[in-house]
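Everything on this sheet refers to the single structure shown next.
Every number in this text was worked out from the coordinates using simple rules, so none of it is lab data. For clarity, every value in this text was computed on a predicted model and none was experimentally measured. Quick reminder, even Gly has a Cβ in these numbers, built from the backbone with ideal geometry, and neighbours come from all protein chains shown.
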Amino acid sequence: MEGMPPAGDDIKNLVMHVELLITGGHKLMGTDAPEQMGFKVNFGNNIYINLQPDTRAETKKLFNGLSAGGKIEMELQDMFWGDYFGSCTDKFGVQWMFSCNEKA
C-alpha cells in the first residue's frame, strides 16, 4: 500500500499496534488514530471490534456479511505488515476490522 507505513516526526512515536493477552486466549488490541491518516476520534467512533479468522475465505465471508448495508472503509487487501486486512462499519454503526494472516 503506497505511503504505508506513514513517515514523519509528528507520528513516529505513536502506537501502531499493541496487544494484551487476557483470559481464555482472548486479546485486547489497540492503536493510535492519527489525524494524518484520516482519523477524527469522537465518542462513538473510538472503538472497533477486530476479528481474526483463520482463513481468507472465512474473513471474506464475515466481511461481506457485516459490511452489507453499512459502509466499507477499507476493502480487504494484503497489507505491508503481511496480513489480509479490511475494515467497515455495519448497518447498526458498529465498527469492524478483519485481519487474517493466511497467505494468498
Restricting attention to strands (runs of 3 or more DSSP E) lying wholly within segment 42-104, give those where 2 or more residues are touching a helix residue (DSSP H, G or I) at 6+ places or on another chain (Cβ under 6 Å). 84-89, 95-100
Taking segment 64-77 on its own, how many of its residues are within 21 Å of Phe39 (Cα to Cα) and not aliphatic (A, V, I, L, M)? 6
Need pairs with beta-carbon distance below 8 Å; first residue closer than 14 Å to Gly86 by Cβ and within segment 45-56, second among the polar types (S, T, N, Q) and surrounded by 15 or more Cβ atoms within 10 Å (Cβ to Cβ); sequence gap 6+ or separate chains. Tyr48/Ser87; Tyr48/Gln95; Ile49/Gln95; Asn50/Ser99; Leu51/Thr59; Leu51/Ser99; Gln52/Ser99; Pro53/Thr59
Residue that is surrounded by the most Cβ atoms within 10 Å (Cβ to Cβ) [pool: residues in segment 22-40 that are polar (S, T, N, Q) and outside any loop (DSSP other than H, G, I, E, B)]: Gln36
For segment 41-97, how many residues meet the condition of being over 19 Å from Met29 (Cα atoms), touching a Lys or Arg at 6+ places or on another chain (Cβ under 8 Å) and either β-branched (Val, Ile, Thr) or surrounded by 13 or more Cβ atoms within 10 Å (Cβ to Cβ) (or both)? 2
Sort out which residues of segment 57-77 are free of Cβ contacts under 8 Å to residues at least 40 places away in the same chain and closer than 26 Å to Leu20 by Cβ, and write them in order of number. Leu62, Phe63, Leu66, Glu73, Met74, Leu76
